[in-house]
Amino acid sequence: MRPTLSIIVTVATAAVAIAGCKPGSEDNGNGNGNDHTPPEPVCENQTNPSAHYVGESKHECSLIKFACAEGQSYFGDECGCGCIEEPTDCPADNDPDVKWVSHDPDQCALVRFYCDGGWSAFSDDCGCGCVADAPEGDWCGGIMGKTCSAGYFCDFPEATHCGSGDQTGTCAVSPEMCTLIYMPVCGCDGKTYGSECAANAAGVSVASKGACDAGTTTF
């Protein structure tokens, strides 16, 4: 009976040893077969080209102070903190009025391209390509600087300051004839015109009533 008992004990001991070493486990040197090292965090901003990390951990971020440049905003996540470029109002990829050449402004600075008739070239923070000239009543201006078709001008409301903040205007018909009544206005091109009609006939929207501070008067 002793040999039989000895065999049972040996098998049981081996079973315990096998149970303590599971497939896929690694000995980390402290007698524990499982590695409890926490995995590195994975954050969406790590693959975002618009995000720029300054600190690489929450602890590091709590010890530093930094300011983001204009057009950027602060962000913080499990991977650290930094500045991220604020999104711009860019047209959709499937916008029928836009023919994209590239979405990368850096690449746009290196390429040359031409647009067909009825299309105008643009290159800005959104990328570059060709945008369809707008007919009467359609929007114009904006971040892309969308122009109007021939015989129309981009009419900006005075409150938008000629669309200086990337606001849009509306395409309106350029008048063919104007009276000679002198009621000067300052055009969005910085020139003084004898009247609002004269400015519009030249394809220019009005920035303000009255003559410009400097420049020439156009009738």
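The values are calculated or read from the model by the stated rules, or taken from the named source; none is laboratory data. None of the values given here were measured: they were computed from a predicted structure. Here the Cβ is made from the backbone with ideal geometry for all residues, glycine too, and neighbour counts use every protein chain on show. The accessibility values were calculated without ligands, DNA or RNA, using every heavy atom of the protein model including side chains. Shrake-Rupley method; radii C 1.70, N 1.55, O 1.52, S 1.80 Å.
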>> I'd like the residue in the stretch 50-72 that is out of contact with any strand residue (DSSP E or B) (no Cβ under 9 Å at 6 or more places or on another chain) and part of a loop (DSSP other than H, G, I, E, B) and, out of all such residues, is modelled with the highest pLDDT.
In response: Lys65
>> Given the condition in contact (Cβ under 8 Å) with a residue 40 or more places away in the chain, within 21 Å of Glu196 (Cβ to Cβ) and assigned to a strand (DSSP E or B), answer yes or no: does some residue in the stretch 155-162 qualify?
In response: yes
> Checking Asp106 against (1) open to solvent by 50 Å² or more (accessible area, probe 1.4 Å); (2) touching a Pro at 6+ places or on another chain (Cβ under 9 Å), which single condition isn't satisfied?
Replying inline: (2)
> So, in the stretch 160-219, of the ones that are surrounded by fewer than 16 Cβ atoms within 10 Å (Cβ to Cβ) and of a type in the set (Phe, Trp, Tyr), which residue ends up farthest from Cys90 (Cα to Cα)?
Replying inline: Tyr182
